[in-house]
Structures are given as C-alpha cells and as structure tokens.
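Q: I am attaching a structure below and will ask some questions about it afterwards.
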Amino acid sequence: MKKYLHTIVTGASLSILLFGIFLYFNYQQPTNELLVAGIYLLVLYFLLFTTGHPLTTEWIKKNTHSLAEKSLIFPVILIALLYSYMWAHGFSPFQGTAALFPFFFLFPVLGFLAFKKTQVVWSDFIILLFFLIPATLISFKNGTGLPVNGVNFGSVYKIIIVLMGVYAFGVIRGIKDIGFYPEFNLKYLGTAILCWVGFIGLVFLVAYTGGFVRLAATDSLISKNLPEVFRNFTRIFIGTALFEELYFRGLIQNMLKQKIGRYTSWHKSWQWGFGIFLVLALITGYLMNKPLFWFPVLITILLFLAAFIFEKRQIQPQGTYVALAITSIFFGLVHFHAGSVIFVGLASVAGWAYGYTYLKTNNVFYAALVHTLVNSSEFLFALDGLK
C-alpha cells in the first residue's frame, strides 16, 4: 500500500510541477483557456506518470480480469478525453480520416483479448504496426495542443496514443519490462548523461570533421534564455521523446529481445536482420543522396558488427544486442523524412544510444531523457545543418 501511495504521490507531484511551468509560460492566455487546458494537462500528465507503473498495472488487471468488457473502459475514457477537449474548443473530431480514430484505437485491445498469448509472438509486432502506422498518419484538422493557443506543452492526441500503447501492450497483453514510469535513480541518470555525451562526441568526430555540421554554442546560448531552454526541453520530452521511446525501445526492442532470446541461437536472427536492413539502408541512401548513399550503409555495418561482437562475448542474454541493432537502424531509417542521408545515419547511432540507455536502466523515461538531450543539442551544434 505504501509503495502504491508513493507512485500516486510521485505522479501527482510531477503533474503539479509541470502545471506550474505551464502557467508560467501561458499566464497571458484567457482564463477560460487556462482552466480548460490546465485540467486536461493535470489529468493526462498524471495518467502518463502512473499508468505504466507495475503496481498500477497489477491493480488494473485485478479489477478487469473477471469481465473482459471492463478492459475497454480505459480506452473509452481516453477517447472521451480527446473528443471532449476538441469539443470544448469548438472543433469536430469527426472530419476526414480522424472519424476512423475509435476503430483503430480499440484494435490492439480487442486483438489481445481475442488472441491471448503468454510469450512474445510475431503477431504482437503485426498488431503494433497496425496500430502505430495509422496513429502516425491520422490527423485532426484542428489542433489538440495543450493549450490550443499559446506555448504548447504537448498534444492531447499524442499523449493519448502513448497511454493506449502502455495500456494495450503493458496491461492487456502483459508484455514484460516495458519500464514506462518515472524512477529517480542517480546511477541511471549517470548512464543517460554518459550516453548523451558519447553521442555528442561521435557527432563531433564524424560529422564536424566531415563538414556536416558547425559549432553553434555561442550563438545559441546568447539568443536563448534559460526558461526558454527549459520549456523546449519539456516540450521535446513530453511531445516527442516519450512517444518514440515507448514504441521503439519499450516495445519493439524489448519484444525483439524476448523473442530472439527464446531461440536456440541468435545467429540466424542477426543474419536476417543484417541482410534486410543492409538492403533497406542501401535503397534509402541511394534514393535520398546518391553521392552519400554509403553513409547509412556504413552505419548499418558498424552497428551490426558491434552487436555481433557483444553477442559473442555473452555480456547480456542472447538477442539483446541483435534487438538493439535492428531497432537502432529501423529508428534511423524512419527519419528519412528529415531529408538528409547524414541525418538518417546519425539517427541510427542516436537510436543505439537511446536503446543502450534503455538496456542499462530498463526504463523508457531515461531513454527519453537521452533522446531529449540529443534533440536539444542544437546549443552545441547546428544540427539543423544536417537536414
């Protein structure tokens, strides 16, 4: 009971802290907007910080196991939160492709209830993709930001997609070790900072010496004050990092590790992964920039070589580093929309840093911290030059 109370207090405290920051940057907004957005922010942030905790997961399971229909209560609440937020701002949630939202949103829960499994199977990845792809493609014509006008502190839609991922895969499906909850640990914090520093060092050696980026610390620090830096940090952490790290590290990398770990050997998984992603890296590089097509290919070779070496040394249970390499390259390749083949390659390296942090901490929040630090590193390098 004390541990569960501690979880509730931690979630509430973090929510109130961020609410205070929200008020600091949005106090000039109309009172009614602050009231509406503030209430939703407190509720959604509290759910964000508590839903994925093992104690919360167990509590939900105990209260829904007797009747399967109860498992739909939480998703329906999330839909109601999104729709009511839009209606409160005079927006209709039933325009265009957004009208299909409830159908794909309920899909993973219904799928897991229909086909119950005890171990990770390939259908888990299919359900994940069938949920995640529409989630990233669908868009509401009107904004769902917190607030709709003013300094944004996340998107109601994106937060709800994160919560659904945690609930569907962590609670209903029962995927182990997702690690989506805040945990204060100095050792984990040190690991996250070291991974960030390591990535920045690599950017300096590879990108700066190759003329891909330029130093920009002086200009950035002069032009930005501390509150603005902190606001951007919070926006990236909530709006981008938690979303991507949940699905790439907490789910894809985690499930791959569990799946490969059950095989008699990791070698075939490594061979298949290396072959498939080497071809994808070659195609991506060629289509994006023919003279530099080799860069994502080189990164793919290096990361899979590192995975091979670590697997041979048996530092972690088998499949750990194969899963890390596959997820890292996949993470980099999906960033082709940035328009730079160099950016794609470095995103794969960054994915290794995020995945390694997750591996050492077993916590999505620390992987998201490294992700946020990397995305905020424009104060050191003009990383926008990569795009």
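Q: Out of everything in region 27-58 that is open to solvent by less than 20 Å² (accessible area, probe 1.4 Å) and not in a helix (DSSP H, G or I), what residue ends up being farthest from Asn185 (Cα to Cα)?
A: By that ranking, first place goes to Thr51.
Q: Between a residue in region 55-69 that is among the basic types (Lys, Arg) and any residue that is open to solvent by less than 70 Å² (accessible area, probe 1.4 Å), which pairs come within a Cβ distance under 9 Å, given they are 6 or more apart or on different chains?
A: Short answer, once both residue conditions are applied: Lys61/Val171; Lys61/Ile172; Lys61/Gly174.
Q: State all residues of region 306-322 that are open to solvent by 20 Å² or more (accessible area, probe 1.4 Å), more than 15 Å from Gly345 (Cβ to Cβ) and either among the small types (Gly, Ala, Ser) or not in a loop (DSSP other than H, G, I, E, B) (or both); if no residue qualifies, say none. Talk me through it step by step, then tell me what you get.
A: Our first condition is that a residue be open to solvent by 20 Å² or more (accessible area, probe 1.4 Å); within region 306-322, this holds for 306, 308-310, 312-318.
Checking the rest, the ones that are also more than 15 Å from Gly345 (Cβ to Cβ) come to 308-310, 312-318.
Correct list: Phe308, Ile309, Phe310, Lys312, Arg313.
Q: Which count do you get for residues in region 245-283 that are open to solvent by 30 Å² or more (accessible area, probe 1.4 Å) and touching a residue at least 60 places away in the same chain (Cβ under 8 Å)?
A: Residues in region 245-283 being open to solvent by 30 Å² or more (accessible area, probe 1.4 Å) and touching a residue at least 60 places away in the same chain (Cβ under 8 Å): 3 in total.
Q: Right, something else. Residues that are closer than 24 Å to Arg249 by Cβ, open to solvent by 20 Å² or more (accessible area, probe 1.4 Å) and touching a strand residue (DSSP E or B) at 6+ places or on another chain (Cβ under 7 Å): does region 152-172 have at least one?
A: Yes.
Q: Still on this model: Residue check: is Leu251 of a type in the set (A, V, I, L, M) and under 30 Å from Met164 (Cα atoms)?
A: yes
Q: Could I ask something else about it? Hey, Ile175 hits all of (1) more than 27 Å from Ile21 (Cβ to Cβ); (2) of a type outside the set (Phe, Trp, Tyr); (3) part of a helix (DSSP H, G or I) but one; which does it fall short on?
A: Just one mismatch for Ile175, condition (3).
Q: Looking at Gly111 and the list (1) open to solvent by 30 Å² or more (accessible area, probe 1.4 Å); (2) over 28 Å from Glu228 (Cβ atoms), which single condition is not satisfied?
A: (1)
Q: Given the structure, is Phe184 at pLDDT 90 or above, surrounded by fewer than 22 Cβ atoms within 10 Å (Cβ to Cβ) and out of contact with any Phe, Trp or Tyr (no Cβ under 8 Å at 6 or more places or on another chain)?
A: Answer is yes for this residue.
Q: With the requirement that a residue be touching a helix residue (DSSP H, G or I) at 6+ places or on another chain (Cβ under 7 Å) and assigned to a helix (DSSP H, G or I), what does region 273-293 give you?
A: Within region 273-293, the subset touching a helix residue (DSSP H, G or I) at 6+ places or on another chain (Cβ under 7 Å) is 273-274, 277-278, 280-282, 284-285, 288-289, 292-293.
Gly273, Phe274, Phe277, Leu278, Leu280, Ala281, Leu282, Thr284, Gly285, Met288, Leu292, listed by residue number.
Q: Kindly check whether there is at least one residue in region 369-386 that is assigned to a helix (DSSP H, G or I), modelled with pLDDT of 95 or more and open to solvent by 10 Å² or more (accessible area, probe 1.4 Å).
A: The answer is yes, given that some residue of region 369-386 is assigned to a helix (DSSP H, G or I), modelled with pLDDT of 95 or more and open to solvent by 10 Å² or more (accessible area, probe 1.4 Å).
Q: Against the definition (over 24 Å from Phe310 (Cα atoms) and part of a helix (DSSP H, G or I)), how does Val349 come out, yes or no?
A: Considered against the rule, which asks whether it is over 24 Å from Phe310 (Cα atoms) and part of a helix (DSSP H, G or I), Val349 comes out as no.
Q: Give me a count of the residues in region 1-60 that are among the polar types (S, T, N, Q) and within 26 Å of Trp87 (Cα to Cα).
A: Residues flagged as among the polar types (S, T, N, Q) and within 26 Å of Trp87 (Cα to Cα) within region 1-60 amount to 7.
Q: If you scan region 323-361, which residues turn out to be open to solvent by less than 20 Å² (accessible area, probe 1.4 Å) and within 14 Å of the chain's Cα centre (by Cα)?
A: Once the filter is applied, which keeps residues that are open to solvent by less than 20 Å² (accessible area, probe 1.4 Å) and within 14 Å of the chain's Cα centre (by Cα), region 323-361 yields Thr327, Ser328, Phe331, Gly332, Ala347, Ala350, Gly351, Ala353, Tyr354, Gly355, Thr357, Tyr358.
Q: On to the next question. For region 111-147, give me each residue that is in a loop (DSSP other than H, G, I, E, B), under 22 Å from the mean Cα position of the chain (by Cα) and more than 30 Å from Tyr27 (Cβ to Cβ). Quick ask: steps written out before the conclusion?
A: Of the residues in region 111-147, the ones in a loop (DSSP other than H, G, I, E, B) are 115-121, 138-144, 146-147.
This time we only want the ones that are under 22 Å from the mean Cα position of the chain (by Cα), so: 120-121, 138-140, 143-144, 146-147.
Val120, Val121, Ile138, listed by residue number.
Q: Considering (1) hydroxyl-bearing (Ser, Thr, Tyr); (2) in a helix (DSSP H, G or I); (3) open to solvent by less than 90 Å² (accessible area, probe 1.4 Å), say which one Tyr24 fails and leave the rest.
A: With (1) hydroxyl-bearing (Ser, Thr, Tyr); (2) in a helix (DSSP H, G or I); (3) open to solvent by less than 90 Å² (accessible area, probe 1.4 Å) applied to Tyr24, the lone miss is (3).
Q: Would it be correct to say that Trp122 is aromatic (Phe, Trp, Tyr), open to solvent by 20 Å² or more (accessible area, probe 1.4 Å) and at pLDDT 90 or above?
A: When the stated conditions are applied, Trp122 passes them.
Q: Being open to solvent by less than 50 Å² (accessible area, probe 1.4 Å) and touching a residue at least 24 places away in the same chain (Cβ under 8 Å) is the filter here, so list the residues in region 73-91 that pass it.
A: Phe74, Pro75, Leu78, Ile79, Leu81, Leu82, Tyr85, Met86, His89, Phe91, listed by residue number.
Q: Then there's this: Is it the case, given these coordinates, that Ala68 is among the small types (Gly, Ala, Ser), open to solvent by 20 Å² or more (accessible area, probe 1.4 Å) and either at pLDDT below 95 or touching a Lys or Arg at 6+ places or on another chain (Cβ under 6 Å) (or both)?
A: yes
Q: Checking the conditions here, which among Val341, Val364 is out of contact with any strand residue (DSSP E or B) (no Cβ under 8 Å at 6 or more places or on another chain) and either modelled with pLDDT of 95 or more or under 26 Å from Thr264 (Cβ atoms) (or both)?
A: Val364
The values are calculated or read from the model by the stated rules, or taken from the named source; none is laboratory data. These numbers come from a predicted model, not from an experiment. Methodologically, a virtual Cβ is constructed for each residue, glycine included, from the backbone with ideal geometry; neighbour enumeration extends over all protein chains shown. Ligands, DNA and RNA are excluded from the accessible area calculation, which covers all protein heavy atoms including side chains. Shrake-Rupley method; radii C 1.70, N 1.55, O 1.52, S 1.80 Å.
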